[in-house]
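Asker: Could you have a look at this structure, given as structure tokens, before my questions?
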Ligand SMILES: Cc1ncc(COP(=O)(O)O)c(C=O)c1O
């Protein structure tokens with residue numbers, strides 16, 4: 001929830017005489033500062049007046065306005081409130097220019113203006129709220145957020161706005177500087193020699209397979225317990241997805257079952273780092289020793305930043321891919337993805353493939369695709385990547401707290417809940433915190449009633465999907481994937497899930 005706070009409320013809070021007279025302004029701000037999902041703004045159009053009014057107040061009190069006191073006051077305000085800028089689509093009211101600027105700033109950030117100004121409250125009833133109304137308003141909106149994307153935006157808003165404005169102002173929308181910079185930053189972060197950004201995680205998989213010449217007649221082994229994109233892209237290239245069941249603990253492909261699925265047509269294996277945890281890469285590398293022509297493409301759409309034996313999973317396999325879909329651990333503000341490899345030849349081919357297979361302008365060596373990442377998304381990712389280690393650590397903390405809280409709750413309950421397991425040699429990026437419950441519908445309904453959102457990733461394994469019926473699989477072919485699909489349920493997961501929320505979720509479970 002966003003609120004833009006009018007100056008009268010701010011001065012009620014910071015002026016000793018007014019604090020007593022307008023106690024509801026004080027209690028409202030104190031309450032909102034403690035709310036997890038509440039963001040407080042001041043309009044950029046009010047900053048001048050903020051300084052002027054404070055100077056007047058100081059002059060009245062001390063006979064002069066100390067520059068140091070003034071500066072510290074403004075600094076204090078800016079540490080508590082974000083600045084909401086006046087948008088260019090402002091609907092200016094010439095009778096009251098300042099009020100119309102404040103309302104426009106609030107609309108731009110989807111906020112209500114908290115004010116005691118009667119004229120403003122009457123003129124803009126839908127855009128304003130009196131502090132006395134806030135308690136009610138809040139109590140209706142205490143639901144826990146699943147991915148909390150708004151908070152992620154709020155945390156780094158000014159840095160994000162700056163970088164996005166740069167792109168908009170110099171109009172370098174396609175393959176601008178931010179893209180080159182991001183690729184360099186991604187290489188540094190992941191340790192992979194080459195990072196090639198692209199339009200999304202699905203196209204990243206396509207580019208990886210196209211670079212390896214996967215074509216009709218080829219077979220590619222993967223897991224049936226994943227998002228459709230993993231197998232859809234194999235089929236899209238005319239190759240055949242061959243499914244292998246998952247490990248019961250990690251939900252990743254079970255390497256011990258792969259050998260039986262390998263045929264002379266097998267070109268590649270796509271392990272998926274489901275929910276953020278890399279697959280058993282040692283076992284897969286062992287298979288490669290026995291079958292040296294096999295390539296490994298890691299679908300790391302959910303696991304950016306996860307570590308397997310000291311290396312990120314973008315730095316493993318022949319090629320690794322990821323997605324920057326907004327709800328992914330590192331998400332942009334639309335679609336985005338990347339392909340990683342340590343092989344220069346593959347990297348050059350992938351770069352060409354994402355630009356319609358071109359070798360130089362209007363000269364096309366391969367059949368490729370329009371698979372570039374927008375400069376605007378790259379600008380967003382450059383900012384978010386800088387803060388990502390902190391976000392990853394917070395996700396890790398949230399997961400540990402869930403396990404602790406749920407562990408103690410479920411041991412005393414008869415619900416038979418299975419908590420996530422992360423293998424000893426790796427870390428998870430915790431794209432999801434997913435538990436297994438036998439009575440999923442019932443638990444989901446109960447949690448929903450308590451304001452706790454849940455999701456199911458994924459309710460139907462791919463071998464049973466209508467689009468893959470032609471492959472000839474049947475129910476019972478992959479029993480572990482089928483059981484897990486029936487029981488799995490993801491709880492709210494993002495860096496900002498509060499301790500009280502985790503405890504509440506564990507209690508309501
Ligand atoms: C395992 C997996 N692979 C691929 C993708 C596709 O990524 P995108 O949505 O960016 O195309 C996703 C996205 O949800 C995913 O979870």
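Asker: Determine if the stretch 322-329 includes at least one residue that is within 14 Å of the ligand (Cβ to nearest atom), in a strand (DSSP E or B) and buried (at least 24 other Cβ atoms within 10 Å of the Cβ).
Answerer: Taking every residue of the stretch 322-329 in turn, at least one turns out to be within 14 Å of the ligand (Cβ to nearest atom), in a strand (DSSP E or B) and buried (at least 24 other Cβ atoms within 10 Å of the Cβ).
Asker: If you don't mind, there's one more thing I want to ask. Tell me whether the stretch 434-444 contains one or more residues that are closer than 30 Å to residue 309 by Cβ and within 16 Å of the ligand (Cβ to nearest atom).
Answerer: Within the stretch 434-444 (the criterion being closer than 30 Å to residue 309 by Cβ and within 16 Å of the ligand (Cβ to nearest atom)), the answer is yes, since at least one residue qualifies.
Asker: Then there is this: Restricting attention to the stretch 4-13, report how many residues are assigned to a helix (DSSP H, G or I) and in contact with a helix residue (DSSP H, G or I) (Cβ under 7 Å, 6 or more places away or on another chain).
Answerer: 6
Asker: Check residue 276 against each of (1) buried (at least 16 other Cβ atoms within 10 Å of the Cβ); (2) in contact (Cβ under 8 Å) with a residue 60 or more places away in the chain; (3) on the phi < 0 side of the Ramachandran plot and name the one condition it does not meet.
Answerer: Result: residue 276 passes all but (3).
Asker: Exactly one of these conditions fails for residue 343: (1) over 28 Å from residue 149 (Cβ atoms); (2) free of Cβ contacts under 8 Å to residues at least 24 places away in the same chain. Give me its number.
Answerer: (2)
Asker: Using the structure shown, decide if residue 408 is modelled with pLDDT under 95, in a helix (DSSP H, G or I) and surrounded by fewer than 16 Cβ atoms within 10 Å (Cβ to Cβ).
Answerer: yes
Asker: In the stretch 452-493, what residues are away from the ligand (no atom under 16 Å from the Cβ) and part of a loop (DSSP other than H, G, I, E, B)?
Answerer: Correct list: 452, 453, 454, 472, 473, 474, 475, 476, 477, 478, 492.
Asker: For the stretch 417-450, which positions are farther than 30 Å from residue 189 by Cβ, in contact (Cβ under 8 Å) with a residue 60 or more places away in the chain and outside any loop (DSSP other than H, G, I, E, B)?
Answerer: 418, 443, 446, 447
Asker: Which ranges mark the strands (runs of 3 or more DSSP E) fully within the stretch 178-265 that have 1 or more residues being more than 16 Å from the ligand (Cβ to nearest atom) and under 26 Å from residue 479 (Cβ atoms)?
Answerer: In the stretch 178-265, 219-222, 240-243 are the strands (runs of 3 or more DSSP E) which contain 1 or more residues that are more than 16 Å from the ligand (Cβ to nearest atom) and under 26 Å from residue 479 (Cβ atoms).
Asker: If I ask for residues that are buried (at least 18 other Cβ atoms within 10 Å of the Cβ) and either within 16 Å of the ligand (Cβ to nearest atom) or not assigned by TED's automatic domain parsing to the domain that holds residue 204 (or both), which ones from the stretch 330-349 would you list?
Answerer: 330, 331, 332, 333, 335, 336, 337, 338, 339, 340
Asker: Can you tell me which residue in the stretch 283-319 is farthest from residue 432 (Cα to Cα), limited to those that are in a strand (DSSP E or B) and within 13 Å of the ligand (Cβ to nearest atom)?
Answerer: 297
The values are calculated or read from the model by the stated rules, or taken from the named source; none is laboratory data. As the structure is a prediction and not an experimental result, all values here were calculated from the model. Counting neighbours? That spans all protein chains shown, and the Cβs are built from the backbone with ideal geometry, glycine included.
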